[in-house]
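Okay, so here's the structure we're looking at.
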Amino acid sequence: MGIEMNNLSGLNSEHESYWISSSQNQDYLTLNEDIDVDVAIIGGGMVGITSAFLLKKQGVKVAIIEGDKITHGASGHTTAKITIQHNLIYNKLILKMGEEKAKQYANANAEAIKFIAALVNEKNIQCDFSYCPAYVYTQDDKYVNKIESEVKAALRLGIKANYLVETPLPFAVKAALIFPCQAQFHPLKYLLAIEKDIEGSGSYIFEHTKVVDIDKENTIIVTDKGKKVRASKIIIASHFPCYDGFGMYFTRMYAEKSYVLATKLKDEFPKGMFISAEDPGRSLRSQKYNDSEIVLVGGEHHRTGTGPNTNIHYENLARFADENFKVEEILYRWSTQDYITVDSVPYVGYLTRSTPNILVATGFGKWGMTNSTASAMILSDLIIKGKNPWTEVYDPSRFDVTTIPKMVSQNLEVAKEFVLGKIEIPGNVTIKNGEAKIILIDAKKFGVYRDENAKIHIVDITCTHLGCELVWNEAESTWDCPCHGSRFSYDGEIIEGPAFNNLNHKGEGKNKRDANIL
């Protein structure tokens, strides 16, 4: 039983998201002059594009400012489940926040499903949208009662749900729950269809335009090229807030990595989306692929910047797939990063209570498709109407005394990583092609990567956010921050915030001599 990893085509291929690979991308200009709009939106993902679309329909002039390419961040690396079933959340919400707020959360996500479905129908968007049930299953006795409690909580909130002792999956479970009438789609085909309605009539989309500062008093965005975007309102939809405004978001969220394989199976996959209640997490769903289908096998989550060899997570998913299905081929593999709040509910609304002109949406956990759509509905309502029925549960300024232990634990973990990162290591090293190591140069730590052409790349691995030491991510050839989730390329270019700035370099020739890199 089991497979030889080297025999499974695709496992050792380059990272590539199926969504990005199978989309026709529109290119947009870089901002090269100062502009004025009604609402400036930082981030060109699901929240940013949907918010811009909704506001533009109301006659608002908007500008999306994206540091890379729109849709190529978290929205392009999702599993794209459109569901109110967010693992085992509703019983927790009732216990911690009360029934009214739990109902707000459920209603917001249910309305998000309706919104996406209606827009797909209205605009005839060819994005593989289909309804299907969502399951949570367990093979662990400890989770049976939790699944029972979740079903009761869902029914109490008016959600259709059923308790099961078996699923259509080809392996036995101890218990499961099912939410019928959920959905799935191709997220980029959906977003690329609605983004076409944004540009024009004083509205814009800009790519490769990095935000480096916000003047909150005058509501002005400053870009890396010194250009300014003046607006009445600013929406920060940059995955992790690129501007904190003393909201202390870095103390209230942490980053997790998870992994996806797009597999071709020999047998037909059962209709439905599936996720395990216990760790290691396992997520399964099918997706139309040419005239057949692929199955997305996801999971293996861990805190960003931790773990010795990130490639092992792909191997674990491949092994799980092969043990339970007849895997013919692995076509794509990719990873994603999610920010998780201390109470598992996103922060959506005003950045702080003292910033009425700056709004934020962040912390979607692993459920960004509905939560980001609901966020766009909340943000557009706050800007146009000044109110929305779901603002209370999503309020970024909320405080719950029961979350203090998790906040303390989160920040102790950050402190531990900060201290551990300062421990010295030897400087004389041998580095093979495609390998990275951390070395000391003049008593300061640097990351050294030798690419496949034997070229040496040396960067200061002190994160430019708050000074934590970065760790090497072997699977993606990146330097990742274990404190707050910033990620950088091997050459120091920022891939993902909250950091604003690239890593500092050291003179390549001097580095090689001083560090004795072989």
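The values are calculated or read from the model by the stated rules, or taken from the named source; none is laboratory data. Predicted model, so just to flag it, every value in this text is computed and none were measured. Neighbour counts are summed over all protein chains in view; Cβ atoms, including those assigned to glycine, are modelled from backbone coordinates with ideal geometry. The protein model used for the area step is the full one, side chains on, heavy atoms only, and it has no ligands, DNA or RNA in it. Shrake-Rupley method; radii C 1.70, N 1.55, O 1.52, S 1.80 Å.
Within region 226-363, what is the number of lysine pairs with alpha carbons under 26 Å apart, leaving out pairs fewer than eight places apart on the same chain? Display every interim value, and only then the final one.
Working: K257/K288; K264/K288; K264/K326; K266/K288; K266/K326; K271/K288; K271/K326; K288/K326.
Lysine pairs meeting the criterion: 8.
List the chymotrypsin sites (Phe, Trp or Tyr not before Pro) within region 196-264 that fall in a DSSP loop (any state other than H, G, I, E or B) and whose Cβ has at most 10 other Cβ atoms within 10 Å.
F246
Placing unit charges on C-beta atoms (Lys and Arg positive, Asp and Glu negative, everything else neutral), compute the dipole magnitude of region 133-198 about its Cα centre in debye, rounded to 20.
Computed about the Cα centre, the dipole is about 120 debye.
Starting with the highest mean, order 282-294, 41-53, 163-175 by the number of other Cβ atoms within 10 Å, averaged over the residues of each peptide.
In decreasing order of mean packing, 282-294, 41-53, 163-175 become 41-53, 282-294, 163-175.
Run the accessible area of region 286-340 with a 1.4 Å probe and give the carbon-and-sulfur part as a rounded percent.
42 percent
Counting only heavy atoms of protein chains, what accessible area per residue, in Å², does region 174-271 have with a probe of 1.4 Å? Mind dumping the intermediate values first?
Values: 3680 Å² over 98 residues.
On a per-residue basis, 38 Å².
Percentage of Cα-Cα pair distances in region 154-237 greater than 17 Å, rounded to whole percent?
In whole percent, the share of Cα-Cα pairs in region 154-237 beyond 17 Å is 71.
With unit charges on the beta carbon (Lys/Arg positive, Asp/Glu negative), name the residue among A161, V295, S283 whose Cα is farthest towards the positive pole of the charge dipole of the chain.
A161
For the chain, what are Rg and Dmax over the alpha carbons, in angstrom?
For the chain, the Cα radius of gyration and maximum Cα-Cα distance read 22.8, 68 Å.
Please work out the average accessible area per residue across region 276-407, using the 1.4 Å probe convention, and give it in Å².
Result: 36 Å² of accessible area for each residue.
Non-local amide H neighbours of C468 (under 5 Å, H modeled in plane, Pro and chain starts lacking H): which ones?
Answer set, sorted by chain and number: C463.
Per the helix-only calculation at 222 nm, which mean residue ellipticity applies to the chain, given -39500 (n - 2.57) for every DSSP H run of n ≥ 4 and division by its residues, nearest 500 deg cm²/dmol?
Values: 11 runs with 130 residues, N = 518.
Estimated from H runs of four or more residues: -8000 deg cm²/dmol.
Could you report region 18-79's accessible area per residue, 1.4 Å probe, as an integer in Å²? Kindly include the intermediate steps, with their values, before the conclusion.
Details: 2280 Å² over 62 residues.
Using a 1.4 Å probe on heavy atoms only, each residue of region 18-79 averages 37 Å².
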